[in-house]
Amino acid sequence: MIRMSDVFKEYENGTKALKGVSFELQSGEFAFLVGPSGSGKSTIIRLLIGEIAPSDGTVIVNGQDMDNIKMRKMPYLRRTIGVIFQDFRLIENKSVYENVAFAMHVIGASKKDIRQRVPYVLELVGLEFKAKAKPDELSGGEQQRVAVARALVNNPKLIIADEPTGNLDPARSLEILTLLKKINELGTTVLVVTHEKPLVDHFHQRVIAIDGGRIISDAMDRYYDYEGQ
Ligand code: ADP
């Protein structure tokens, strides 16, 4: 879950990126976060994953107040969050299987757990037959599905996807979003940052729209058409 309450963020150079942002995403919910470039979407993501701290207000993720979290506790919190990026960020010289297994290895999972869990998530994303392939042998859509499997493998409570379809054609984009929705239906909370209006419209989900560091709309199945203004 996510709870942002009256969050302000001013960067060191004086840029006011967020000007009183409040929203909640309950456990098990799915939402899109939309807004034009420079509106504050990345700042929200960086606050949620603990990369930066708010100037004012509170950010609570999976029950943990990000401002009061002790540095030594941060790795544990980060394990409860899976992040998916636009540019996939796979390790080029590792196979599909190894890329996903590595995410479990770094948090100290046992070999037995890795052997059980990795095939399960590869099957979930439809890549069980590509386990041995290297990223450069895969299409963009397949690479993003590896990144989804990697984000999922440690069974996070929350998945944050930052423009996950930015490098994909419309058909592959639809596939990735369908996959994220399926993962949500299996119980994971999902927040997807995107500005692809047709995709957002297709799914009829909650849409949180931000502009100029403020939430300007938060409603089911409504995309605030900022480009048309
Ligand atoms: P978006 O992800 O919606 O494009 P950002 O959160 O990246 O928006 O940016 C919001 C505002 O904060 C913009 O005006 C941007 O220029 C500014 N900004 C982002 N990161 C920094 C930074 N590290 N230092 C100073 N200003 C920043």
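The values are calculated or read from the model by the stated rules, or taken from the named source; none is laboratory data. These figures come from a predicted structure and were not determined experimentally. Positions of Cβ are backbone-derived with ideal geometry, glycine not excepted, and every protein chain shown enters the neighbour counts.
For PRO75, are the conditions met, namely being more than 8 Å from the ligand (Cβ to nearest atom), of a type outside the set (Ser, Thr, Tyr) and outside any strand (DSSP E or B)? Yes. Just one of the numbered conditions (1) over 25 Å from VAL148 (Cβ atoms); (2) within 15 Å of the ligand (Cβ to nearest atom); (3) part of a strand (DSSP E or B) is not true of PRO54: (3).
Does SER55 satisfy being touching a residue at least 40 places away in the same chain (Cβ under 8 Å) and surrounded by fewer than 15 Cβ atoms within 10 Å (Cβ to Cβ)? Considered against the rule, which asks whether it is touching a residue at least 40 places away in the same chain (Cβ under 8 Å) and surrounded by fewer than 15 Cβ atoms within 10 Å (Cβ to Cβ), SER55 comes out as yes.
Entry remark, segment 65-83: residues being farther than 14 Å from PRO156 by Cα and not aliphatic (A, V, I, L, M) number 6 in total. The single condition among (1) in a loop (DSSP other than H, G, I, E, B); (2) of a type in the set (D, E, K, R); (3) more than 21 Å from the chain's Cα centre (by Cα) that ASP136 does not satisfy is (1).
Any residue at all in segment 89-97 that is crowded, with 17+ Cβ neighbours inside 10 Å and either in a loop (DSSP other than H, G, I, E, B) or within 16 Å of the ligand (Cβ to nearest atom) (or both)? Checking segment 89-97: at least one residue is crowded, with 17+ Cβ neighbours inside 10 Å and either in a loop (DSSP other than H, G, I, E, B) or within 16 Å of the ligand (Cβ to nearest atom) (or both).
Pairs linking a residue in segment 187-203 that is at negative phi to a residue that is in a helix (DSSP H, G or I) and more than 16 Å from the ligand (Cβ to nearest atom), with Cβ atoms under 6 Å and 6 or more positions apart or on different chains, are VAL190/LEU180; VAL190/ASN184; LEU199/SER173; LEU199/LEU177.
If the condition is being aromatic (Phe, Trp, Tyr) and touching a Lys or Arg at 6+ places or on another chain (Cβ under 7 Å), then segment 98-123 contributes only PHE102. Only one of the listed residues (ALA101, ALA147) is modelled with pLDDT of 95 or more, within 28 Å of PHE23 (Cβ to Cβ) and surrounded by 17 or more Cβ atoms within 10 Å (Cβ to Cβ). That residue is ALA147. If you go through segment 1-43 and keep only what is of a type in the set (Lys, Arg) and part of a strand (DSSP E or B), you end up with ARG3, LYS9, LYS16, LYS19. Once segment 1-38 is narrowed to residues that are among the small types (Gly, Ala, Ser) and under 19 Å from GLN205 (Cβ atoms), the residue that is nearest to the ligand (Cβ to nearest atom) is GLY35. Quick check, is ARG46 among the basic types (Lys, Arg), assigned to a helix (DSSP H, G or I) and either within 16 Å of the ligand (Cβ to nearest atom) or modelled with pLDDT of 90 or more (or both)? For ARG46, the condition - among the basic types (Lys, Arg), assigned to a helix (DSSP H, G or I) and either within 16 Å of the ligand (Cβ to nearest atom) or modelled with pLDDT of 90 or more (or both) - is met.
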